[in-house]
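**Q** I have a structure I would like to understand better, so I am pasting it below and will then ask my questions one at a time.
The values are calculated or read from the model by the stated rules, or taken from the named source; none is laboratory data. What you are looking at is a predicted structure, and each value in this text was computed from that prediction instead of being measured. Because the Cβ atoms are built from the backbone with ideal geometry, glycine has one as well, and the counts that use them run over all protein chains shown. Accessible surface is based on the protein model in full, side chains and every heavy atom, while ligands, DNA and RNA are left aside. Shrake-Rupley method; radii C 1.70, N 1.55, O 1.52, S 1.80 Å.
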Amino acid sequence: MSAAAAFLYAFQQNLFKYVGPLLIVIGTVSCLLNLLVFTQSTMRKNPCTIYLITVNSVNLIAFYFIPLLTIFSSGYGVDLTGNNPVFCRLQFYVGFLSSSLESSYLILASIDRTLVTSSNALTRKRSTRRLAITSVICVGLFWTIFHVHALIYSQIIQYAPGYSVCYFTPGAYSTFVTYYGLSLNGVIPPLFMLILGCWTVKNIRKVRHITQHSGSTHSVVVVVGRPRILESKDRQLIRMLLVEIVTYILCKTPIISFLIYREVTRIQTQYRVMERSSLISVNVKYDEKELTYFITMEGKLSSALSYFILDLKSILLTSKNPFIVFDELGRCLMEDRLVGELYRSDENTPVQIHIVQCNEQTNFCCQVTFIENTEYSQSECFMPTTLWKQMNLWLKSQNILSENAKESYCFWYIEQQCMIDNNQSLSSVLNQVESITVDVIDDTDFVDVIV
């Protein structure tokens, strides 16, 4: 694994581990302070305050579901959602619900401020505490029922023994969630907030213009103390709400941009429909984990390995030692190759790829050099556990002895003057010797002698 990838993974892990809890503490304190201010007797009767109290209550609850579970998973390696179906379903349900409630209540608060700043007296009277409470309850019930689908279609998908992921049910529901998140939880709420915010600012400027015009015509405007206090609170709430809306839009913009970019690139991608028989099955194994991928004959081995790394990044990227890739014959694959060129016993069997983690104190490769008539030579690296019968298959698969092709070959150990058992491994024959010389002989040249 590259040093850059390992560094990025370590940086991400430390970010979630140390910065994540700090952000939750800051968010919790901020929400509690807001609730302390908004629940004062002089503030809580205002309709806009009711919406802001609800928004902060939703955010306070959401902090301890979505961010906290992510911090445990990415920062401390404790994946509660990947092993517990209850946490898996609650994660998506609370995530959808909190996001919808927050944006909806901010939109309702924006509508209330638009009504309050209207120059029409009848319009201003529609901003009431009763309407605010009714709206909060109705919107809350609607989104609570609407998002029940997240409790039904969220599931734990197991990719390999000991490796599972909490995600949506693949297919139509996954597509629905993508477009739902892009529209109702993405583009539409900030757009509504932006329109209502501009409308509110326009109303405020209109009121100021009328006031200035009244003063220029020498008309007398009398404002008694109590209404002036209410106007001051309304202006403060408008400023606070505008700050809340701007912060919401700034935080949502990167996510919305990413979702739009992903969908545009996905739509522009050209897909080919082909028969399953035209694809090659590639089994990638590491330790006790095994994943299967389907790739075309012209596909590269690196494609399967890149997906394998993404699927097991929490395991592979944490290691500082490099990894070596071997094929079914135990041959080390130093360079990227076409999948169709990799060894498999027949066309109906999958390509077997083994990934082994290196150890600084162990030799993981044995170099084998085939020399024919001192004019042609070919070198390959193999695993020490590679059997000599696998070497036999390698010789035949590479057509190295094509001119004198035989069904099978035997290996004669020159120094020991004996034939090597095909079930022996390379390391067992080498033992402590640095190198040995072996003759490749047709097995028909040997005669069994029974003593």
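**Q** Among the helices (runs of 4 or more DSSP H) contained in the range 1-102, which hold 2 or more residues that are within 21 Å of residue 137 (Cα to Cα) and of a type outside the set (Phe, Trp, Tyr)? Even if it seems obvious, please write down each step before you answer.
**A** Values: elements: 3-14, 20-38, 47-63, 66-76.
Fully inside the range 1-102 and qualifying: 20-38, 47-63.
**Q** Kindly indicate which of 239, 208, 235, 262 is surrounded by fewer than 17 Cβ atoms within 10 Å (Cβ to Cβ) and at pLDDT below 70.
**A** On the way: 239 fails: at pLDDT below 70; 235 fails: at pLDDT below 70; 262 fails: at pLDDT below 70.
From the options 239, 208, 235, 262, the qualifying one is 208.
**Q** What's the number of the only condition in (1) assigned by the TED database to the domain that holds residue 335; (2) within 29 Å of residue 183 (Cβ to Cβ); (3) at pLDDT 80 or above that residue 249 fails to meet?
**A** (1)
**Q** Can you tell which of 274, 334 is more than 22 Å from residue 157 (Cβ to Cβ) and at pLDDT below 75? Working first, answer last.
**A** Numbers: 334 fails: at pLDDT below 75.
Of 274, 334, the one residue that is more than 22 Å from residue 157 (Cβ to Cβ) and at pLDDT below 75 is 274.
**Q** Quickly run through the range 63-80 and pick out the residues that are among the polar types (S, T, N, Q) and open to solvent by less than 40 Å² (accessible area, probe 1.4 Å). Don't jump to the end; show me each part of the working.
**A** Taking the range 63-80 first, the residues among the polar types (S, T, N, Q) are 70, 73-74.
Passing the criteria: only 74.
**Q** Give me the residue from the range 116-147 that is β-branched (Val, Ile, Thr) and open to solvent by 60 Å² or more (accessible area, probe 1.4 Å) and, out of that set, farthest from residue 44 (Cα to Cα).
**A** Taking the range 116-147 and keeping what is β-branched (Val, Ile, Thr), we get 116-117, 123, 128, 133-134, 136-137, 139, 144-145.
This time we only want the ones that are open to solvent by 60 Å² or more (accessible area, probe 1.4 Å), so: 133-134, 137, 145.
Values: 133: 11, 134: 15, 137: 16, 145: 28 Å.
Step by step, filter the range 116-147, then rank; the result is 145.
Per-residue answers, yes or no, for (1) open to solvent by less than 50 Å² (accessible area, probe 1.4 Å); (2) under 17 Å from the mean Cα position of the chain (by Cα):
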residue: 6; (1), (2): yes, yes
residue: 17; (1), (2): no, no
residue: 34; (1), (2): no, no
residue: 42; (1), (2): no, no
residue: 47; (1), (2): yes, no
residue: 56; (1), (2): yes, no
residue: 61; (1), (2): no, no
residue: 82; (1), (2): yes, yes
residue: 114; (1), (2): yes, no
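**Q** In the range 100-112, how many are buried (at least 23 other Cβ atoms within 10 Å of the Cβ) and without any contact (Cβ under 8 Å) to a residue 60 or more places away in the chain?
**A** 2
**Q** Pairs needed: first member in the range 42-56, over 10 Å from residue 105 (Cβ atoms); second member anywhere, open to solvent by less than 20 Å² (accessible area, probe 1.4 Å) and of a type in the set (A, V, I, L, M); C-beta distance under 7 Å; at least 6 residues apart or different chains.
**A** Final answer for the pair search is 46/237; 47/132; 48/109; 48/237; 48/241; 49/237.
**Q** In the range 393-424, how many are modelled with pLDDT of 70 or more and either of a type outside the set (Ser, Thr, Tyr) or closer than 21 Å to residue 346 by Cβ (or both)? Outline the logic, then answer.
**A** First, pick out the residues of the range 393-424 that are modelled with pLDDT of 70 or more: 393-397, 409-424.
From the residues that got through so far, the ones that are either of a type outside the set (Ser, Thr, Tyr) or closer than 21 Å to residue 346 by Cβ (or both) too are 393-397, 409-412, 414-424.
Of the residues in the range 393-424, 20 are modelled with pLDDT of 70 or more and either of a type outside the set (Ser, Thr, Tyr) or closer than 21 Å to residue 346 by Cβ (or both).
**Q** Another question, then. Of the conditions (1) touching a residue at least 24 places away in the same chain (Cβ under 8 Å); (2) within 30 Å of residue 287 (Cα to Cα), residue 187 fails just one. Which one is it?
**A** (2)
**Q** I'd like to check something: does the range 171-189 contain any residue that is loosely packed, with under 11 Cβ neighbours inside 10 Å and at pLDDT below 80? Break it down into steps so the answer makes sense when it comes.
**A** As a first pass, look at the range 171-189 and keep what is loosely packed, with under 11 Cβ neighbours inside 10 Å: 171-172.
With at pLDDT below 80 added as a condition, the list becomes 171.
Within the range 171-189 (the criterion being loosely packed, with under 11 Cβ neighbours inside 10 Å and at pLDDT below 80), the answer is yes, since at least one residue qualifies.
**Q** For residue 436, are the conditions met, namely being modelled with pLDDT of 75 or more, hydrophobic (A, V, I, L, M, F, W, C), not in a loop (DSSP other than H, G, I, E, B) and not assigned by the TED database to the domain that holds residue 331? It would help to see each step written out before you state the result.
**A** Details: modelled with pLDDT of 75 or more: yes; hydrophobic (A, V, I, L, M, F, W, C): yes; not in a loop (DSSP other than H, G, I, E, B): no; not assigned by the TED database to the domain that holds residue 331: yes.
So residue 436 does not fit the description; no.
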